[in-house]
Amino acid sequence: MTISSDTSLLGGKELDAVGEPVSAMTLDSNVVLLVGQRREHEFRIENDITVENHGNGSSFSVSYDPYNRADPIRENLTELAAIIGRTVVHAKAYVTGTLEIVLDDGTVLTVAPKDKYEAWTYTFGNFILSCPPGGFDPLPR
């Protein structure tokens, strides 16, 4: 399910990770999803991830903030790791700044933009796409 009210894709097409397997997940200051046989696609996620599985009806939110001074946040990371080995069937960046990754088992990962910081960054070779604060759409809604 897309949480974006605007279905316009940034650049008019899906990201190049389509058809590639999720090969690893790492943690540093962010959740990093590595996609492709050679881990050539990187999704660096700096915001909560909504995970919905349309196949079995489950859903949960992944939160990760290791630098929260009072109480570091590490929620549902083990559950997220279950996507390793799944294949990306859709990878979309909407003009609103929402990132959506759909996997072959019906799992949908959604990352909304943040108001003050980058919510996510996608890299592939020399291509870098980073969601600016508030998303890409320059028109207020």
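Only residues that are out of contact with any Asp or Glu (no Cβ under 7 Å at 6 or more places or on another chain) and under 14 Å from ALA119 (Cβ atoms) were counted across the range 34-50, and they come to 7. Counting the residues of the range 6-31 that are in contact (Cβ under 8 Å) with a residue 60 or more places away in the chain and either closer than 13 Å to ILE45 by Cβ or of a type outside the set (A, V, I, L, M, F, W, C) (or both) gives 11. Applying the selection to the range 61-95, what residues are in a strand (DSSP E or B) and open to solvent by less than 30 Å² (accessible area, probe 1.4 Å)? If the condition is that a residue be in a strand (DSSP E or B) and open to solvent by less than 30 Å² (accessible area, probe 1.4 Å), then VAL62, SER63, VAL88, ALA91, ALA93, TYR94 are the ones that fit.
Scanning the range 38-60 for residues that are in a strand (DSSP E or B), open to solvent by less than 60 Å² (accessible area, probe 1.4 Å) and without any contact (Cβ under 8 Å) to a residue 40 or more places away in the chain returns a single hit, PHE60.
THR107 meets the conditions (1) modelled with pLDDT of 90 or more; (2) closer than 20 Å to GLY12 by Cα; (3) open to solvent by less than 40 Å² (accessible area, probe 1.4 Å) in every case but one. The failed one is (2). How many residues does the range 9-37 contain that are within 18 Å of CYS131 (Cβ to Cβ) and surrounded by 13 or more Cβ atoms within 10 Å (Cβ to Cβ)? So the count comes out to 11.
The values are calculated or read from the model by the stated rules, or taken from the named source; none is laboratory data. Because the structure is predicted, anything quoted here is derived from the model rather than measured. Reconstructed Cβ throughout: ideal geometry from the backbone, glycine too, with neighbour counts over all protein chains shown. What goes into the accessible areas is simple: the full protein's heavy atoms, side chains included, and nothing from ligands, DNA or RNA. Shrake-Rupley method; radii C 1.70, N 1.55, O 1.52, S 1.80 Å.
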